[in-house]
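Read the structure below first, then the notes.
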Amino acid sequence: DAKTTQPTSMDCAEGRAANLPCNHSTISGNEYVYWYRQIHSQGPQYIIHGLKNNETNEMASLIITEDRKSSTLILPHATLRDTAVYYCIVRVAPGAGSYQLTFGKGTKLSVIP
Amino acid sequence: NAGVTQTPKFRILKIGQSMTLQCTQDMNHNYMYWYRQDPGMGLKLIYYSVGAGITDKGEVPNGYNVSRSTTEDFPLRLELAAPSQTSVYFCASSSPEGITGELFFGEGSRLTVL
């Protein structure tokens, strides 16, 4: 799986959009970008994933650049409960033979009141 | 629906002792995983299983053993505990047929070896 690079930490004011960047310059054509978050040492929680197109769900939006070498997770209206470590992970599609998720250190997002 | 359940939540072991971390899931997922997380670090895969009777090593398997006799259960065995195994252990499961391929994690088991 391709390696990812994320900032160590970020702050965001409550109610503002949180934009979390991720670089994955060695991503392959069949690899997806996944985002998970881990709140206060709980088990990681899936947020969103995408291949080429931008994606949106009830939790967040995922913007992937046209060359797919980087992406941004957007939390549109950050709340204090969004304070967590966010992991950007690149992996092949489910069922494609790779069963591992490689978690880096992620980005520690602190939402400030 | 309980999801992924891990026991115990906390445990203190002495060096050289052995123990089993239990993990069970009620989502009928074929894939199950064990990760460990050291302070300030990301998760590292210890072992995984793609179905009952099938297990394989992950990134950091040394000092651990697993078995998968049923779809629901995936226990992790620590033999001869060492201080380096002090960590938080997470069990997870996923379905190969799932649309998102997401992993569902348990709440973790915090192990201290003294």
Note on A:I64: of the conditions (1) closer than 23 Å to B:Y33 by Cβ; (2) surrounded by 15 or more Cβ atoms within 10 Å (Cβ to Cβ); (3) among the β-branched types (V, I, T), unmet is (1)
Of the residues in the range B:58-114, those that are open to solvent by 40 Å² or more (accessible area, probe 1.4 Å) and touching a residue at least 60 places away in the same chain (Cβ under 8 Å) number 8
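Select, from B:I46, B:I12, the only residue that is in contact with a Pro (Cβ under 7 Å, 6 or more places away or on another chain) and not basic (K, R).
B:I46
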In the range A:70-106, residues that are modelled with pLDDT of 95 or more and closer than 14 Å to A:S25 by Cα total 4
Just one listed residue, out of A:S25, A:S9, is farther than 29 Å from B:V4 by Cα, touching a Lys or Arg at 6+ places or on another chain (Cβ under 7 Å) and within 14 Å of another protein chain (Cβ to nearest Cβ), and it is A:S9
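One line per residue, one yes/no per condition, for (1) closer than 29 Å to B:N30 by Cβ; (2) hydrophobic (A, V, I, L, M, F, W, C); (3) outside any loop (DSSP other than H, G, I, E, B):
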{"position": "A:P21", "(1), (2), (3)": "no, no, yes"}
{"position": "A:S25", "(1), (2), (3)": "no, no, no"}
{"position": "A:G29", "(1), (2), (3)": "yes, no, no"}
{"position": "A:Y32", "(1), (2), (3)": "yes, no, yes"}
{"position": "A:R37", "(1), (2), (3)": "yes, no, yes"}
{"position": "A:N53", "(1), (2), (3)": "yes, no, no"}
{"position": "A:M59", "(1), (2), (3)": "yes, yes, no"}
{"position": "A:Y86", "(1), (2), (3)": "yes, no, yes"}
Picked from the range B:102-114 (must be at the interface with chain A (Cβ under 7 Å from one of its Cβ atoms) and in a loop (DSSP other than H, G, I, E, B)), the residue nearest to B:Y48 (Cα to Cα) is B:L103
Does A:S110 meet the test of being away from chain B (no Cβ under 14 Å), part of a strand (DSSP E or B), touching a residue at least 40 places away in the same chain (Cβ under 8 Å) and of a type in the set (S, T, Y)?
yes
Flagged in the range A:67-94 as within 30 Å of B:R36 (Cβ to Cβ) and among the acidic types (D, E), in numbering order, are A:D82
Turns out the strands (runs of 3 or more DSSP E) fully within the range B:1-101 with at least 3 residues that are under 30 Å from A:E31 (Cα atoms) and facing chain A (nearest Cβ under 9 Å) are B:31-37, B:43-51, B:87-94
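The values are calculated or read from the model by the stated rules, or taken from the named source; none is laboratory data. Given the structure is predicted, the values throughout are model-derived calculations rather than measurements. FYI the Cβ positions are ideal-geometry reconstructions off the backbone, even for glycines, and counts take in every protein chain you see. The protein model used for the area step is the full one, side chains on, heavy atoms only, and it has no ligands, DNA or RNA in it. Shrake-Rupley method; radii C 1.70, N 1.55, O 1.52, S 1.80 Å.
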